Amino acid sequence: MTNFSLFDTRGYPTVDVRTGYAGWVDSYEDTVQDAMDVEVLARLSVPRWAGTDLAVDLGCGTGRTGAWLRDRGVAAVDGVDLTPEMLARAGARGAHRRLLEGDLAATGLPAGEYGLAACSLVDEHLADLGPLYREAHRLVRPGGLFVLVGLHPAFIMAAGMPTHYDGPDGPVAITTHVHLVSDHLTAGLAAGWQLAEMREEVVGDRWTALKPKWERYRGHPVSAAYVWRKA
């Protein structure tokens, strides 16, 4: 892990993950762009979403990813999240079979239950990737996949911008960590996964249309997605 404080250009007051997402819940859907995650998932070639009987959505938040998976034909999705306020929004959305409040790296769910584990826009909040990769490996049955998508470490470094939201008194940052691509590969291989696919997306016309100020980041990697298979 690389220390985010080396790159921070904002200096926002920072809160822990649970506090931050509880504070962000009312505006989350309005600020998180599909280009960050689900549009990246849609471009992956290895996952056969419609062929998946049961998936687990690790760090399910308001249920965006779970709803996207159901729309792509996944038969049922269980969700786990640390923040009760986010889980309440996911419950209202109705995409999940069941929702659990808990640590995505120690869910307590049955081993080998799932054909797919998904994790979206979460890894930058974890000090250590190892527990997440190990728990996903425990949850997925042989032949199943673990799909992770998040902000690219190079973008976090270049922008110097933590995950943040607008609080009542100004911007509030949520604890952010920088994990290099090699950190993901090391954690995944150590947990027993086989890398099946990887995509890195760069800032282009889609992003500059959404965020014109990001023109200065054109060509920079902005997101990364990993598809892992369990032998």
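So if I check each of 72, 48, 98, which one is surrounded by fewer than 19 Cβ atoms within 10 Å (Cβ to Cβ) and touching a Phe, Trp or Tyr at 6+ places or on another chain (Cβ under 6 Å)? It is 72.
A Cβ distance below 9 Å, combined with a sequence gap of six or more or placement on separate chains, defines the contacts here; from segment 1-30, residues that are over 16 Å from residue 127 (Cα atoms) reach residues that are acidic (Asp, Glu) and open to solvent by less than 40 Å² (accessible area, probe 1.4 Å) in the pairs 21/81. Within segment 82-95, the set of residues being open to solvent by less than 40 Å² (accessible area, probe 1.4 Å) and not aliphatic (A, V, I, L, M) comprises 83 only. The residue of segment 149-158 that is farthest from residue 133 (Cα to Cα), among those that are open to solvent by 20 Å² or more (accessible area, probe 1.4 Å) and assigned to a helix (DSSP H, G or I), is 158. Can you say whether residue 132 is open to solvent by 10 Å² or more (accessible area, probe 1.4 Å), closer than 30 Å to residue 53 by Cβ, outside any strand (DSSP E or B) and modelled with pLDDT of 95 or more, as far as the supplied structure shows? No, not satisfied. Within segment 119-129, being assigned to a loop (DSSP other than H, G, I, E, B) and closer than 22 Å to residue 26 by Cβ holds for 121, 122. Can residue 112 be described as out of contact with any helix residue (DSSP H, G or I) (no Cβ under 7 Å at 6 or more places or on another chain), without any contact (Cβ under 8 Å) to a residue 12 or more places away in the chain and more than 21 Å from residue 41 (Cα to Cα)? When the stated conditions are applied, residue 112 does not pass them. For residue 104, the criteria (1) touching a Leu at 6+ places or on another chain (Cβ under 6 Å); (2) open to solvent by less than 10 Å² (accessible area, probe 1.4 Å) hold in every case but one, which is (2).
Counting only strands (runs of 3 or more DSSP E) that sit wholly inside segment 159-231, those with at least 2 residues that are open to solvent by less than 30 Å² (accessible area, probe 1.4 Å), in contact with a helix residue (DSSP H, G or I) (Cβ under 7 Å, 6 or more places away or on another chain) and hydroxyl-bearing (Ser, Thr, Tyr) are 221-230. Figure legend. Inter-residue proximity from segment 127-155: first residues on the phi < 0 side of the Ramachandran plot, second residues of a type in the set (Val, Ile, Thr) and in a helix (DSSP H, G or I), beta-carbon distance below 6 Å, spacing 6+ or different chains. Indicated pairs: 149/40. Could you tell me which numbered condition residue 63 fails, if it satisfies all but one of (1) touching a helix residue (DSSP H, G or I) at 6+ places or on another chain (Cβ under 7 Å); (2) surrounded by fewer than 19 Cβ atoms within 10 Å (Cβ to Cβ)? With respect to (1) touching a helix residue (DSSP H, G or I) at 6+ places or on another chain (Cβ under 7 Å); (2) surrounded by fewer than 19 Cβ atoms within 10 Å (Cβ to Cβ), residue 63 is out only on (2). For segment 43-96, a residue qualifies if it is within 16 Å of the chain's Cα centre (by Cα) and aliphatic (A, V, I, L, M), and the qualifying residues are 44, 55, 56, 58, 67, 69, 77, 80, 82, 86, 87, 90.
The values are calculated or read from the model by the stated rules, or taken from the named source; none is laboratory data. Remember, it's a predicted structure, so these values are computed and weren't measured experimentally. Ideal geometry is used to build each Cβ from the backbone, glycine not excepted, and the neighbour counts take in all protein chains shown. Surface accessibility is based on the protein's heavy atoms, side chains included, excluding ligands, DNA and RNA. Shrake-Rupley method; radii C 1.70, N 1.55, O 1.52, S 1.80 Å.
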